[in-house]
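The structure appears right after this line, and notes come after that.
The values are calculated or read from the model by the stated rules, or taken from the named source; none is laboratory data. Computed from a predicted model, the values in this text were never measured in an experiment. Note: accessible area is taken over every heavy atom of the protein model, side chains too, but ligands, DNA and RNA are not part of it. Shrake-Rupley method; radii C 1.70, N 1.55, O 1.52, S 1.80 Å.
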Amino acid sequence: MASHLANIFGTEQDRVNCSFYLKIGACRHGDRCSRKHIKPQFSQTILLPNVYNNPGHTPEGQHLTPEQLQADFDRFYEDFYIELAKYGHLLEMHVCDNVGDHLLGNVYARYEWEAEAAKAVQALNDRWYAMRPLHSELSPVTDFRESCCRQNEMGECKREGFCNFMHLCHPTKSLVTSLNASQRMSRRKKQENGAGATEDGALGWVPGGGGAKSADDGPGGWAPSGRQDADLGWVPGRRD
């Protein structure tokens, strides 16, 4: 019996634990789900739900071209990657393009060590972004290949944004390459200096930034690079 329960754990045959929550870290039924959502005490992966506001899903953004939509997402991705990399070695970051409430704008980040993920969760729960407080939690997701919709990757998903599996926004490859190189350079410099981490948690070289650090005018949030409009910027002050 114990062997059978171990084999079906986290699968659709498991009548106790929610397979969607274990695979995706989110469930469309939320707290009303008839199966258990076991929140991990330790994990390399963190979740920030409902963060990215894709203008392509808004009436105001219908007139934007694909190039403008991609540029908007690249700015968001770069900004968030730099911020999340302050807390440890960031292995991967993914942003959902779904429109269902439980996946809308979700940001997932996986660190090398569980302690780095825990540090990020603690810090980000006191931050604001785009005039909204952030919520961060540890996620049970370990393999994003199991979380993503394979039909969407082949362009065949008929549920589109309402799919219960992840549909991801993809940054440009050159941006990802630059950010990964930035993180490697920063870690190499810290190792050469014999320090485990920089005092201010700076990422190091930032693509297009001339070596300057990302702007941070207070403990409550940070300023998206290249954006001056108030609805997309940071809000100072901690959450009460």
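Of the cross-linked pairs K23/K189; K86/K158; K119/K158; K36/K190; K23/K119; K39/K189, which ones have a Cα-Cα span greater than 32 Å in the structure shown? Listed pairs above 32 Å: K23/K189; K86/K158; K119/K158; K36/K190; K39/K189.
Average accessible surface for the range 55-118: 42 Å² per residue, computed with a 1.4 Å probe over protein heavy atoms with every protein chain in place.
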